[in-house]
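K.L.:
My questions all concern the structure below.
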Amino acid sequence: MSSSANRPPPGFALRLGASLALALGLLAACAVGPDFHRPAPPRTATYGPVPPPAVVAGDGARQALRPDGPASPDWWTAFRSPTLDALVEDGLRHSATLAQAVAVLTEAKQTAQAGAGVYVPQLGLNAAADRERSTPLRLGVQGAPTTFSLYTLSASVSYAVDLFGGERRRVEALNAGTDRARQSLAAARLLLEGNIADAAIARAGYEAEAESLAMILALERDQRDMLQAQYAAGRVGIGSLDLIVRQIAADEAARLAVVQRRDAAAGLVQQLLGREPGEARPDLPALDGLRVPGQLPAVLPSDVVRVRPDILEKEAALHQASAEVGVAEAALFPSIALTGDAGQANTALSHLGDPAGRFWSVGPSVTVPLVSGGTLWFGRKAAAAAWRAAAADYRQTVLAALEQVSDALRAVETDAKVADARRAAFDSAGLDQRLADVTADAGVTGAYDAGTARIALERARLDLIDARTQRLQDAVALFLATGGGWSAEARR
């Protein structure tokens, strides 16, 4: 018997190539389901009926509100504190939260690459050695059973003809998932930067307040000692002494509360840096070492939605949901696959290459969904509902972000006015304190009155510390609300 009967027919390779070319042509056809388009930018170009000023000034510090975003991707350097810069850089290197987000992004990238394998033919190689016992009775023929060995070596190829684009939509969803993970990482990074800066500023403010309260307590204890001496001499009543004692107790309680908040803020910085509570504490900035940023972002709403990573994450989720609609819709249509396999088989390993043992097959297969109990139909409806939910989630995120920018801009403007008012009060208290010192030195008034003036000055300093701390923290809030530093990767 001629071995030509076991060979592929003439033109087999040509027809197989034509079939694959046809599959590639079908792959380029339009996919079912919605094509994703980026959501339209916000309808308004302002954050309220009154636009923010170009410059705000207060307590001697002027801040220009830039409509084109921050000048540097490392936005925290605007506070001009090398100690704060070192803290943020340390946190970015050692944060467990960022490490988790990086791992999630890597997983999404690898999953998307794995899913893209559907675009190329799947090749496989199989080798088998079987010991079998067969009987002719299974074929309805009388005869003795036989025992033999069967050796097989074969190769197979398969290709999914993505006629309705289900696989393309699936890969599109995976790529959107990768983009979503990338923006999630950017959002986690921005939040970490902001939390470190905010906690460090808060700790600096609490430290300054604790020092001022300690000064007030020292002055009050001096006054208490004066009153005790006067009470012993019968020149003041017990009421005056009791009043100062109660004031000292109240201020000591206030100081302890501030110290507790200071230590909690320092502990938060420690956690954000990825350090355990018992590890060495890093250097932390003092309030006097932090400068009010001279430039702050006051970007348009249309820019905010293109750079804030949490909004871009929701946009990627919307893209992913729209692609999943296409996946679910394509499942309602027939699926086509091209398959082929060829190989050699023989009962003797030494004759595995004999022509008589050759076999091959090639051809398309079509699967048509007919009855699924509503699984596919309602699956498509569920995917469409998830798409609408993602659109609503995106819209809500945009609205919340724009409100945050609006609030931060108003806070920056108000902070400058508050700082001016408290600076004026502090300067006035300083003048009173100097006059009290002069009159005390001249013997017109006593040391007790001079101490009262110094206490009033320290209380005015407390208010000024609060105003300065709030101004710094609201600057951080504005940077975060507008998307932080605008790197090349952030501009999309």
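The values are calculated or read from the model by the stated rules, or taken from the named source; none is laboratory data. Predicted model only: the values in this text are computed from it and were never measured. Backbone-built Cβ (ideal geometry, glycine too); neighbour counts: all protein chains shown.
K.L.:
Could you pull out the residue among L290, L296, L273 that is closer than 30 Å to I201 by Cα, touching a His at 6+ places or on another chain (Cβ under 9 Å) and not hydroxyl-bearing (S, T, Y)? Let's see the steps before the verdict.
P.N.:
Values: L290 fails: touching a His at 6+ places or on another chain (Cβ under 9 Å); L296 fails: touching a His at 6+ places or on another chain (Cβ under 9 Å).
Matching residue, one of L290, L296, L273: L273.
K.L.:
Among the residues of segment 335-363, how many are more than 40 Å from the chain's Cα centre (by Cα) and over 24 Å from A127 (Cα atoms)? I'd like the intermediate steps shown before the answer.
P.N.:
Applying the first criterion (more than 40 Å from the chain's Cα centre (by Cα)) to segment 335-363 yields 336-363.
Still in the list and also over 24 Å from A127 (Cα atoms): 336.
Result for segment 335-363: 1.
K.L.:
Could you run through segment 120-177 and say how many residues are assigned to a helix (DSSP H, G or I) and farther than 25 Å from V327 by Cα? Reasoning before the result, please.
P.N.:
At the first step, the residues of segment 120-177 found to be assigned to a helix (DSSP H, G or I) are 136-139, 166-177.
Among the residues that remain, those that are also farther than 25 Å from V327 by Cα are: 136-139.
Number of matching residues: 4.
K.L.:
Continuing with this model, one more query. Which one of these does R471 not meet: (1) surrounded by 21 or more Cβ atoms within 10 Å (Cβ to Cβ); (2) outside any helix (DSSP H, G or I)?
P.N.:
Failed condition: (2).
K.L.:
Another question, if that's okay. With the condition kept exactly as written, say whether any residue in segment 281-292 is surrounded by 14 or more Cβ atoms within 10 Å (Cβ to Cβ), β-branched (V, I, T) and out of contact with any strand residue (DSSP E or B) (no Cβ under 8 Å at 6 or more places or on another chain).
P.N.:
There is no residue in segment 281-292 that is surrounded by 14 or more Cβ atoms within 10 Å (Cβ to Cβ), β-branched (V, I, T) and out of contact with any strand residue (DSSP E or B) (no Cβ under 8 Å at 6 or more places or on another chain).
K.L.:
Tell me, yes or no, whether segment 105-114 has at least one residue that is over 30 Å from F36 (Cβ atoms), surrounded by 14 or more Cβ atoms within 10 Å (Cβ to Cβ) and either modelled with pLDDT under 90 or within 22 Å of the chain's Cα centre (by Cα) (or both).
P.N.:
Residues of segment 105-114 over 30 Å from F36 (Cβ atoms): none.
No, that holds for no residue.
K.L.:
Can E252 be described as more than 15 Å from A204 (Cβ to Cβ), exposed (fewer than 14 other Cβ atoms within 10 Å of the Cβ) and more than 25 Å from the chain's Cα centre (by Cα)? Give the derivation first.
P.N.:
Values: more than 15 Å from A204 (Cβ to Cβ): yes; exposed (fewer than 14 other Cβ atoms within 10 Å of the Cβ): no; more than 25 Å from the chain's Cα centre (by Cα): yes.
Against the criterion (more than 15 Å from A204 (Cβ to Cβ), exposed (fewer than 14 other Cβ atoms within 10 Å of the Cβ) and more than 25 Å from the chain's Cα centre (by Cα)), E252 does not qualify.
K.L.:
Out of the residues in segment 78-104 meeting the condition of being free of Cβ contacts under 8 Å to residues at least 24 places away in the same chain and more than 20 Å from the chain's Cα centre (by Cα), tell me which one is surrounded by the fewest Cβ atoms within 10 Å (Cβ to Cβ).
P.N.:
This residue is P82.
K.L.:
Additional query: Checking the conditions here, which among A298, A323, A316 is in contact with a strand residue (DSSP E or B) (Cβ under 7 Å, 6 or more places away or on another chain), touching a residue at least 12 places away in the same chain (Cβ under 8 Å) and either surrounded by fewer than 23 Cβ atoms within 10 Å (Cβ to Cβ) or within 30 Å of V398 (Cα to Cα) (or both)? Talk me through it step by step, then tell me what you get.
P.N.:
Values: A323 fails: in contact with a strand residue (DSSP E or B) (Cβ under 7 Å, 6 or more places away or on another chain); A316 fails: in contact with a strand residue (DSSP E or B) (Cβ under 7 Å, 6 or more places away or on another chain).
Result: A298 is the single residue among A298, A323, A316 that is in contact with a strand residue (DSSP E or B) (Cβ under 7 Å, 6 or more places away or on another chain), touching a residue at least 12 places away in the same chain (Cβ under 8 Å) and either surrounded by fewer than 23 Cβ atoms within 10 Å (Cβ to Cβ) or within 30 Å of V398 (Cα to Cα) (or both).
K.L.:
Residue under question is A424, and the condition is that it be touching a Ser or Thr at 6+ places or on another chain (Cβ under 9 Å), within 30 Å of R221 (Cβ to Cβ) and either modelled with pLDDT of 95 or more or among the small types (G, A, S) (or both); does it hold? Step through it out loud before you land on a result.
P.N.:
Numbers: touching a Ser or Thr at 6+ places or on another chain (Cβ under 9 Å): no; within 30 Å of R221 (Cβ to Cβ): yes; either modelled with pLDDT of 95 or more or among the small types (G, A, S) (or both): yes.
Considered against the rule, which asks whether it is touching a Ser or Thr at 6+ places or on another chain (Cβ under 9 Å), within 30 Å of R221 (Cβ to Cβ) and either modelled with pLDDT of 95 or more or among the small types (G, A, S) (or both), A424 comes out as no.
K.L.:
OK, next. State which residue is farthest from T46 (Cα to Cα) when the search covers only segment 372-394 and only residues that are free of Cβ contacts under 8 Å to residues at least 24 places away in the same chain and basic (K, R).
P.N.:
Initial filter on segment 372-394 (free of Cβ contacts under 8 Å to residues at least 24 places away in the same chain): 372-375, 378, 381, 385, 388, 392.
From the residues that got through so far, the ones that are basic (K, R) too are 381, 388.
Numbers: K381: 38, R388: 27 Å.
Filtering first and then ranking leaves K381.
K.L.:
Here's another thing I want to ask about it. Inspect segment 457-466 for any residue being assigned to a helix (DSSP H, G or I), modelled with pLDDT under 95 and either of a type in the set (A, V, I, L, M) or on the phi > 0 side of the Ramachandran plot (or both) and give the result as yes or no. First the steps, then the outcome.
P.N.:
Restricting attention to segment 457-466, the residues satisfying the condition of being assigned to a helix (DSSP H, G or I) are 457-466.
Then drop every residue that is not modelled with pLDDT under 95, which leaves none.
No, every residue in segment 457-466 fails to be assigned to a helix (DSSP H, G or I), modelled with pLDDT under 95 and either of a type in the set (A, V, I, L, M) or on the phi > 0 side of the Ramachandran plot (or both).
K.L.:
Would you pick out the residues in segment 340-372 that are farther than 30 Å from F164 by Cβ and surrounded by 15 or more Cβ atoms within 10 Å (Cβ to Cβ)? Don't jump to the end; show me each part of the working.
P.N.:
Step one: filter segment 340-372 for residues farther than 30 Å from F164 by Cβ, giving 343-359.
Correct list: G343, Q344, A345, N346, L352, G357, R358.
K.L.:
For residues that are surrounded by fewer than 19 Cβ atoms within 10 Å (Cβ to Cβ) and not hydrophobic (A, V, I, L, M, F, W, C), scanning just segment 326-339, find the one that is farthest from P34 (Cα to Cα).
P.N.:
Once the filter is applied, the top-ranked residue is T339.
Condition check ((1) more than 30 Å from A411 (Cβ to Cβ); (2) touching a Lys or Arg at 6+ places or on another chain (Cβ under 7 Å)) across all residues:
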residue: P73; (1), (2): no, no
residue: F79; (1), (2): no, yes
residue: G91; (1), (2): no, no
residue: Q100; (1), (2): yes, no
residue: T106; (1), (2): yes, no
residue: R138; (1), (2): yes, no
residue: A144; (1), (2): yes, no
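K.L.:
To continue, here is another question. Would you please list the contacts, defined by Cβ atoms under 7 Å and residues six or more apart or on different chains, that run from a residue in segment 184-212 that is in contact (Cβ under 8 Å) with a residue 12 or more places away in the chain to a residue that is among the basic types (K, R)?
P.N.:
Hits for this filter: R203/R262; Y206/R261; Y206/R262; E207/R262; A210/R255; A210/R262; S212/R461.
K.L.:
Please pick out the residue among L431, L376, L435, L399 that is surrounded by fewer than 18 Cβ atoms within 10 Å (Cβ to Cβ), in a helix (DSSP H, G or I) and touching a Leu at 6+ places or on another chain (Cβ under 6 Å). Break it down into steps so the answer makes sense when it comes.
P.N.:
Numbers: L431 fails: touching a Leu at 6+ places or on another chain (Cβ under 6 Å); L435 fails: touching a Leu at 6+ places or on another chain (Cβ under 6 Å); L399 fails: touching a Leu at 6+ places or on another chain (Cβ under 6 Å).
The match here is L376.
K.L.:
Right, something else. Of (1) of a type in the set (D, E); (2) touching a Ser or Thr at 6+ places or on another chain (Cβ under 9 Å); (3) touching a residue at least 12 places away in the same chain (Cβ under 8 Å); (4) surrounded by fewer than 21 Cβ atoms within 10 Å (Cβ to Cβ), E172 satisfies all except one. Which?
P.N.:
Among (1) of a type in the set (D, E); (2) touching a Ser or Thr at 6+ places or on another chain (Cβ under 9 Å); (3) touching a residue at least 12 places away in the same chain (Cβ under 8 Å); (4) surrounded by fewer than 21 Cβ atoms within 10 Å (Cβ to Cβ), the lone unmet condition for E172 is (4).
K.L.:
While we're looking at this one, here's another question. Going by the conditions given, is D263 part of a helix (DSSP H, G or I), surrounded by fewer than 19 Cβ atoms within 10 Å (Cβ to Cβ), at pLDDT 95 or above and among the charged types (D, E, K, R)?
P.N.:
Answer is yes for this residue.
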